[in-house]
Amino acid sequence: MVRRSRTEVIVDILGEALRGANKTRIMYRANLNFLRFERYFCELLKSGLVEVVDNPGSESGGVVYRTTERGRELLETLRKASEIISL
């Protein structure tokens, strides 16, 4: 099994948070364990690449996270770089 690079993990997290999701959904979709997810996710929050958004429609009042505009720009750049490298 090949481990993903730091960049690949960040791309997965930012990609899953594009439409907004809770932490659990992002963690499972990005295929990360809790400790690894928390390490990356806290860093992305502090860097302003992911933000907390209001979720008035949620019955449980759960918190939703979404990729910021700055995060979308980084995601696009990393995806383009990945395409170029894989050529």
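Miscellaneous remarks
- The helix-only estimate of mean residue ellipticity at 222 nm for the chain, built from DSSP H runs of length n ≥ 4 each weighted as -39500 (n - 2.57), is -17500 deg cm²/dmol after division by the residue total.
- These residues, Thr68, Thr24, go from largest to smallest accessible area, 1.4 Å probe, as Thr24, Thr68.
- Per DSSP, loop trypsin sites (Lys or Arg not before Pro) in the stretch 1-34 with at most 11 further Cβ within 10 Å: Arg3, Arg19
- Placing unit charges on the Cβ atoms of the charged side chains and taking the dipole of the chain about its Cα centre, the candidate lying farthest along the positive direction among Ser47, Ala21, Thr7 is Thr7.
- With respect to the chain, whose longest principal axis is taken over its alpha-carbon atoms, helix 69-86 is tilted by about 30°.
- Taking every alpha-carbon pair under 8 Å whose residues sit at least 6 apart, the chain reaches a relative contact order of 33 percent.
- The length gained by stretching the chain between Ser86 and Arg39 to full extension, at 0.36 nm per residue less their Cα-Cα distance, is 14.2 nm.
- To the nearest ten degrees, helix 34-46 and the longest principal axis of the Cα atoms of the chain are 90 degrees apart.
- Cα centre as origin, Lys/Arg/Asp/Glu Cβ charges: the chain dipole, Debye: 300
- The label-point distance for Arg66 and Lys46, in a model that sets each label 7 Å from Cα toward Cβ, rounds to 2.5 nm.
The values are calculated or read from the model by the stated rules, or taken from the named source; none is laboratory data. Computed from a predicted structure; not experimentally measured. Because the Cβ atoms are built from the backbone with ideal geometry, glycine has one as well, and the counts that use them run over all protein chains shown. In case anyone asks, the SASA skips ligands and DNA or RNA and just uses the protein heavy atoms, side chains included. Shrake-Rupley method; radii C 1.70, N 1.55, O 1.52, S 1.80 Å.
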